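The next block holds one structure in the form of structure tokens; read it before the comments.
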Amino acid sequence: MLNSDLIKATASAIGFDMCGVVRCQKFAAEGEFLKQWIADGKVSNLSYLQRNIDKRTDATLLVEGAKSVIVCGVSYKNRYSEGYKDCNQKIASYALTTDYHITIKQMLQQLCATLKKGCPTLSGRIFTDSAPVFEKRYAVEAGLGWIGRQSLLVTPQFGTFVLLGVAIISEECDRYDSPLQGVGCGECRRCVEACPNGAIVERHIDTRRCISRATIERQSDDNTPLHGWIFGCDECQSCCPYNRRAAAATNPRFTPTFDPIAIDWNKIDEAEFSLRFANTPLSRSSLERILSNIDTTTQMDK
Ligand code: SF4
Ligand code: SF4
């Protein structure tokens, strides 16, 4: 059995801003919703979301015998999270830092290794947007926040600029968290109104119109307007009042590694692109795609 307070203290010492612990559970209703969302075509070309829905709804299919889930979050809010002014090469805040698949994974590995010293029987797996897991749903169950109208986790203290990672583990914990009560979006609809493409439908996204998808997964016949974004899109986050009042990230691992508006994309080549952005989320893209997005958004904005 693991001590919940010890888990949270360890997560905090490693650099996570938030940590909650919940029982491993099934999310059947969310699975049905996801199936309908896919059937409605709102998944567009994001084929990975169509696979392994059974595992997404039941984490014991990913980790046999799983008993508990540790949900950790860390703020990545930086100077570009409140928006850009008159820019046609905007990059989402999360993509300005070292790829969270690397940083969060390292942090979760450190957390589990530390916990294992006091509990040698501990086993499990860690995930950070790397497998079919309802991470946001677990975060809600763990009392970290609620699902906002733009379908992101909103946390009272850190807003939505939060990266999540989970450890699905074999051990019971002495105490489990529960969802926050009396918090939510209230009457606010700023994110719905801020989305330039009207892609937000109540608490989910029609990814066919979403800029974030289009900048990264665009196919040749895709005419989604990009509104100055060349990788990702923060419009439905920058406007959120919870982000306006949130402090900037304090964990140095999430400090931007480059200045997106200082780069002359026409003056670098693919080799330099690969070298400079190898450890950032931009490595999922290419210089060719970035230049094509600049072209697309410049043409459409004329
Ligand atoms: S990421 Fe951008 S395009 Fe997608 S829903 Fe949010 S505001 Fe709309
Ligand atoms: S902008 Fe408003 S509606 Fe959207 S997530 Fe934030 S609080 Fe909720």
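Scan the range 275-302 and report the pairs whose first residue is over 13 Å from residue 225 (Cα atoms) and in the same structural domain as residue 228 (by TED's automatic domain parsing) and whose second residue is among the hydroxyl-bearing types (Ser, Thr, Tyr) and part of a helix (DSSP H, G or I), with Cβ atoms within less than 6 Å and a gap of 6+ or a chain change.
277/283
Results for (1) outside the structural domain of residue 23 (by TED's automatic domain parsing); (2) more than 19 Å from the chain's Cα centre (by Cα); (3) of a type in the set (Asp, Glu), shown as yes or no for each residue.
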position: 164; (1), (2), (3): no, no, no
position: 175; (1), (2), (3): yes, yes, no
position: 179; (1), (2), (3): yes, yes, no
position: 182; (1), (2), (3): yes, yes, no
position: 200; (1), (2), (3): yes, no, no
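Being touching a Lys or Arg at 6+ places or on another chain (Cβ under 8 Å) and within 20 Å of residue 191 (Cα to Cα), is that true of even one residue in the range 81-88?
yes
Please go through (1) part of a loop (DSSP other than H, G, I, E, B); (2) more than 16 Å from ligand 1 (Cβ to nearest atom) for residue 166 and return the number of the only condition it doesn't satisfy.
Just one mismatch for residue 166, condition (1).
Can you say whether residue 196 is in a loop (DSSP other than H, G, I, E, B) and over 24 Å from residue 17 (Cβ atoms), as far as the supplied structure shows?
Criteria met by residue 196.
Could you grab the pairs with beta carbons closer than 7 Å, sequence gap of 6+ or different chains, first residue in the range 23-34 and on the phi < 0 side of the Ramachandran plot and at pLDDT 85 or above, second one surrounded by 16 or more Cβ atoms within 10 Å (Cβ to Cβ) and part of a strand (DSSP E or B)?
23/68; 24/68; 24/69; 24/168; 26/58
Give me the residue from the range 106-154 that is assigned to a loop (DSSP other than H, G, I, E, B) and among the polar types (S, T, N, Q) and, out of that set, nearest to ligand 2 (Cβ to nearest atom). I'd like the intermediate steps shown before the answer.
First, pick out the residues of the range 106-154 that are assigned to a loop (DSSP other than H, G, I, E, B): 119-123, 128-134, 142-145, 148-152.
Next, only the ones that are among the polar types (S, T, N, Q) stay: 121, 123, 128, 130, 150-151.
Details: 121: 40, 123: 36, 128: 22, 130: 25, 150: 5, 151: 9 Å.
The selected residue is 150.
Show me the helices (runs of 4 or more DSSP H) entirely contained within the range 1-99 in which 3 or more residues are among the charged types (D, E, K, R) and farther than 24 Å from residue 244 by Cβ. Walk me through how you get there before you give the answer.
On the way: elements: 4-14, 28-39, 53-57.
Result: 28-39, 53-57.
Kindly indicate which of 189, 208, 218, 213 is among the basic types (Lys, Arg) and within 9 Å of ligand 1 (Cβ to nearest atom).
Working: 189 fails: within 9 Å of ligand 1 (Cβ to nearest atom); 208 fails: within 9 Å of ligand 1 (Cβ to nearest atom); 218 fails: within 9 Å of ligand 1 (Cβ to nearest atom).
It is 213.
Please find, among 193, 235, 202, the residue that is buried (at least 18 other Cβ atoms within 10 Å of the Cβ) and acidic (Asp, Glu). Full working, then the answer.
Values: 193 fails: buried (at least 18 other Cβ atoms within 10 Å of the Cβ); 202 fails: buried (at least 18 other Cβ atoms within 10 Å of the Cβ).
Going through 193, 235, 202 in turn, the sole match is 235.
Output the helices (runs of 4 or more DSSP H) that fall wholly within the range 230-277 and possess 2 or more residues being within 16 Å of ligand 2 (Cβ to nearest atom) and closer than 27 Å to residue 155 by Cβ, or say none.
Working: elements: 235-238, 241-245, 270-276.
Filter on the range 230-277 gives 235-238, 241-245.
I'm checking my understanding of the structure. Among residues of the range 278-302 that are part of a helix (DSSP H, G or I) and among the polar types (S, T, N, Q), which one is nearest to residue 98 (Cα to Cα)? Steps first, answer last, please.
Here is the first cut: in the range 278-302, the ones part of a helix (DSSP H, G or I) are 281-284, 287-301.
With among the polar types (S, T, N, Q) added as a condition, the list becomes 283, 292-293, 296-299.
Numbers: 283: 10, 292: 23, 293: 22, 296: 27, 297: 26, 298: 28, 299: 31 Å.
Among residues in the range 278-302 that are part of a helix (DSSP H, G or I) and among the polar types (S, T, N, Q), the one nearest to residue 98 (Cα to Cα) is 283.
Can you pull out every residue in the range 184-212 that is within 9 Å of ligand 2 (Cβ to nearest atom) and of a type in the set (Asp, Glu)?
Once the filter is applied, which keeps residues that are within 9 Å of ligand 2 (Cβ to nearest atom) and of a type in the set (Asp, Glu), the range 184-212 yields 187, 193.
The values are calculated or read from the model by the stated rules, or taken from the named source; none is laboratory data. Note that this is a predicted model, so its numbers are computed, not measured. Cβ sites come from the backbone with ideal geometry, for glycine too, and all protein chains shown count toward neighbours.
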